[in-house]
Amino acid sequence: MKRLTLALVFGALAVPGAFLPAAGANIIERCECDPARPQTLLARECGLCREAEKQPAGEGVFYLKDINPTKPNRWLALPRTHEHSLVAMTPAERTALWTAAIAKGKELFGDHWGLALNGRRVITQCHVHVHIGKLLPGIETDNFIIVNKPEDIPLPVDEGFWIHPQGAQFHVHRGEQITETVLLR
């Protein structure tokens, strides 16, 4: 019930068994972004791809402050390369993304950080990005696996998940689509 309440407070519509974005959200079916054709980066869902193009070519991961005015405490970690899913990234690229996002979370929120990656059915930007924020208190559920290091974080296929520290390990909560609601706005 706590997750349902949070979803309603944070603008998601509750549907039995699922969380869906609020009306008017632009869900990505497929992405046409191609840096070799700059005109393809003009679409709203390609905003993060445009930002990636502004970064130095040698960058692996970069950070952006979330510009959504309803999320003043959020940051994003993004790969510099144009990837539309974690599946398209190599294991080394995924590990670099998780390691960088965890480091930024610790820097900003100490031991109270959380990372969230929304599922493919609800994303509104086609460039891979990890939400970084302060984990809401009391949000822990029983649906998680324990991993010891960033390279052990499993590869989601069509689901979102959220991660937070638990001592020297991480809890990885899986099986949801909208996951960023576990983070302080």
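Nothing in this text is a laboratory measurement; each read-out follows from the coordinates by a stated rule. Computed from a predicted model, the values in this text were never measured in an experiment. Please note: Cβ atoms are built from the backbone with ideal geometry, for glycine as well, and neighbour counts cover all protein chains shown.
Which of the lysines could a cross-linker span from residue 134 if the Cα-Cα distance has to be under 23 Å and same-chain partners fewer than 8 positions apart are dropped?
Output for residue 134: 2, 65, 71, 104, 106, 149.
When a footprinting reagent is the concern and you count Cβ atoms within 10 Å, what order do 42, 78 take, fewest first? Before the final figure, lay out each step's value.
Working: 42 10, 78 24.
By the 10 Å Cβ count, ascending: 42, 78.
Using only the alpha carbons of the range 43-185, what is the convex hull's orientation-averaged projected area in square nanometres? Don't skip to the end; give the middle numbers.
Working: hull surface 32.4 nm².
If you wrap the Cα atoms of the range 43-185 in a convex hull and average its projections, you get 8.1 nm².
To make sure I understand, if each residue's beta carbon is the centre and we count other beta carbons within 10 Å, what order do 87, 157 fall in, fewest to most? Provide the component values of the computation, followed by the final result.
Values: 87 13, 157 10.
In increasing order of surrounding Cβ atoms, one gets 157, 87.
Kirkwood Rh and Cα-based Rg: tell me the resulting Rg over Rh for the range 44-85, rounded to two decimals. Walk me through the numbers on the way to the answer.
On the way: Rg = 10.7 Å, Rh = 11.0 Å.
Here the Rg-to-Rh quotient is 0.97.
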